[in-house]
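Below you'll find the structure, written out as structure tokens, and then a few comments.
What follows draws every value from the coordinates through simple rules; no lab data is involved. Fair warning: this is a prediction, and the values are worked out from it, not measured in the lab. Note that we place each Cβ from the backbone using ideal geometry, even for glycine, and neighbour counts take in every protein chain shown.
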Amino acid sequence: MSSIQRATGMQDVLPEDWRYWEMIIEKATGLAHTFGFERVEVPILEYTNLFARGVGKSSDFFVQKEMYTIEEEDGEDVTMRPEFTASFMRSYIQNGMGNWVQPVKLYTIGPAFRRERPQANRFRQHSQFNAEIIGETDPAADVEIMMLARSLYHSLGYKSLAFQVNSTGCRDCKPVYVQKLRDYLAEHEDKLAPVDKTRLEMNPLRVLDSKEAGMDALLADAPHIVDNLCEDCAEHFKTLLALLDKLEQPYKINFRLVRGIDYYTKTVFEVWDTSIGAQAAIGGGGRYDGLSEAIGGPSCPGVGCGIGIERIVAGLKEQGIEPPAGPPLTAILIHFGGETKVGAVDLLYQLRAAGVQSILAFARGKRSMKSQMREANKREAKFALIMGEAEMEAGTVMVRELASGEQTAVGQADVAEWLRERA
RNA sequence: GCGGGUAUAGUGUAGUGGUUAACACGUCUGGUUGUGGCCCAGAAGAUCGUGGGUUCAAAUCCCACUACUCGCCCCA
């Protein structure tokens with residue numbers, strides 16, 4: 001425990017993997033821009049109250065103590081965000097975004113924290129791309145979010161994608177439906193697994209996504225929420241599907257797709273990777289028209305999605321999708337003998353000042369030229385700049401192109417320009 | 001919180017009771033005077049996860065703990 005080791009559920013992203021992150025972030029920010037979303041940063045720490053009200057005290061975050069909460073001595077109580085949406089809404093309200101041109105379309109990329117038991121591609125700190133449209137009820141906004149999510153996966157190289165969609169109703173029709181579902185399940189309580197009996201008590205909607213044996217058959221005959229929506233919600237859902245049809249987006253209505261929290265309303269969706277051997281949700285989102293009021297703000301609709309970066313990285317690796325290779329290191333300076341160090345370091349900073357990517361092969365006292373050349377090779381530098389005593393005297397540098405082995409002497413004052421032309 | 005698996009140098013592994021724990025890759029250095037990749041030579045690097053126990057003797061058998069990992073739950 002006291003050993004040098006990362007904390008449970010944490011990850012180091014090393015350069016080899018960062019290439020994937022960089023690619024994902026570039027695609028995500030590019031698409032967000034294309035879609036007209038603007039980047040924001042919201043804090044990692046928020047008052048615990050925000051999540052208590054925004055995510056709900058009955059949620060697993062609270063019930064299972066999955067949040068990282070810091071109780072400070074002065075009585076302040078802050079929590080590391082377990083998700084983003086509540087922060088977005090808080091920011092929207094606090095910064096008076098209700099007075100901006102509506103709707104407000106924002107996105108961010110950053111870490112969130114949940115104190116769970118780590119599993120494959122599930123960490124206590126995970127990063128996600130999060131996009132939200134706040135202040136708009138139009139189902140076309142729901143579609144924008146869905147299309148943004150799908151486009152991201154698509155642009156990264158996911159071939160087979162499909163949506164699963166559902167509506168969870170609103171504060172008017174959801175409770176009515178929940179009661180119907182509860183009644184139905186109560187009738188068949190003898191067929192429910194112990195976990196589902198608990199869910200039936202706590203949150204009947206959760207029974208819908210139960211993976212217990214025999215639930216398929218039992219739930220097939222259960223009341224479905226899409227048949228129990230109020231007029232407004234039904235119209236919203238109908239329009240959403242019509243838009244998806246027009247855009248030729250494959251989707252499947254999944255009546256078991258739910259959000260157990262009251263503030264979530266209407267649209268719920270997940271993006272599925274439908275390629276062989278990968279039947280799984282890779283991202284999702286939904287509408288939360290009740291959230292603002294839940295955290296003490298004015299009535300304000302919103303819809304958003306969250307997309308886990310780590311899972312995309314894992315997915316890309318599984319599919320054998322590689323980030324494009326970065327450009328090779330431009331130059332490595334090799335120096336040996338006499339007073340060459342001073343000249344080499346001087347040249348190094350001249351090159352850098354000129355914007356030429358360059359590193360120094362450290363000589364460590366009496367390290368041989370051969371050893372430094374080996375380093376140049378291992379670092380896959382394009383050019384080795386060789387500075388021995390002869391070059392120092394002549395005011396030149398021997399520039400060797402590693403791939404071809406060709407080399408020429410270049411005046412020290414001209415090296416930067418020479419390299420810029422060829423790098 | 002509940003189950004299963006694993007734990008030997010930086011990485012991947014070998015080693016199922018008996019001398020200085022092996023191999024590969026990687027790292028570092030050198031291979032005659034200033035030139036990389038291949039090759040050759042050498043070096044560094046492991047209290048065999050931690051702590052107990054059994055035994056004349058433990059990396060090896062037993063127990064506990066811890067960590068990691070895979071599932072459950074929930075999610076990204």
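In sequence order, the range A:234-251 has phi-based couplings of 5, 5, 4, 5, 4, 5, 4, 5, 5, 5, 4, 4, 4, 7, 6, 9, x, 8 Hz under the Karplus curve 6.51 cos²θ - 1.76 cosθ + 1.60, θ = phi - 60°, and Gly or Pro positions carry x. Stretched out straight at 0.36 nm per residue, the stretch from residue A:408 to residue A:255 would grow longer than its current Cα-Cα span by 48.0 nm.
The GluC sites (Glu not before Pro) of the range A:320-423 meeting both criteria, a DSSP state outside H, G, I, E and B (loop) and at most 15 other C-beta atoms within 10 angstrom of the site's C-beta, are A:339, A:380, A:406.
For the cross-link pairs A:105/A:246; A:238/A:266; A:341/A:370; A:105/A:238; A:27/A:159; A:174/A:266, the ones whose C-alpha atoms lie over 18 Å apart are A:105/A:246; A:105/A:238.
Within chain A, A:170, A:233, A:300, A:305 have no other Cys Cβ under 4.7 Å of their Cβ and so lack a disulfide-compatible partner by this rule. Taking amide hydrogens as placed 1.01 Å from N in the peptide plane, the amide H of residue A:168 sits under 5 Å from those of A:266, A:267, A:268, each at least 5 positions away in sequence or on another chain. Here the 3J(HN,Hα) profile of the range A:219-233, calculated from phi with Karplus coefficients 6.51, -1.76 and 1.60 at θ = phi - 60°, is 7, 4, 9, 6, x, 9, 5, 4, 8, 10, 7, 6, 4, 4, 5 Hz, Gly and Pro shown as x.
Counting only aspartates and glutamates at least 8 places from residue A:180 when in the same chain, those with an alpha carbon closer than 17 Å to its own are A:172, A:189, A:196, A:201, A:209, A:221, A:227, A:262.
Since only A:192, A:152, A:178 are under comparison, the one whose Cα sits farthest along the positive direction of the charge dipole of the range A:134-195, derived from C-beta charges on Lys, Arg, Asp and Glu, is A:152. Rounded if a/c is under 1.5, else prolate if a/b is larger than b/c, else oblate: which is the range A:155-231, with a ≥ b ≥ c the root eigenvalues of its Cα gyration tensor? Since a/c reaches 1.5 but b/c is at least a/b, the shape of the range A:155-231 is classed as oblate. Residue A:103: net charge of surrounding residues, Cβ under 11 Å, Lys/Arg +1, Asp/Glu -1, itself excluded? Result for the local shell: -3.
Under the combined filter of DSSP loop state and at most 11 neighbouring Cβ atoms within 10 Å, the range A:119-180 retains these trypsin sites (Lys or Arg not before Pro): A:159. Straight-line cross-link partners of residue A:191 among the lysines, defined as a Cα under 17 Å from its Cα and at least 8 positions apart when in the same chain: A:211.
Multiplying the residue separation of residue A:18 and residue A:49 by 0.36 nm and removing their Cα-Cα distance gives an extension gain of 7.7 nm. Within the straight-line cut-off of under 16 Å between alpha carbons, the aspartates and glutamates reachable from residue A:382 are A:401, A:406, A:417, A:421, sequence neighbours fewer than 8 places apart in one chain being disregarded.
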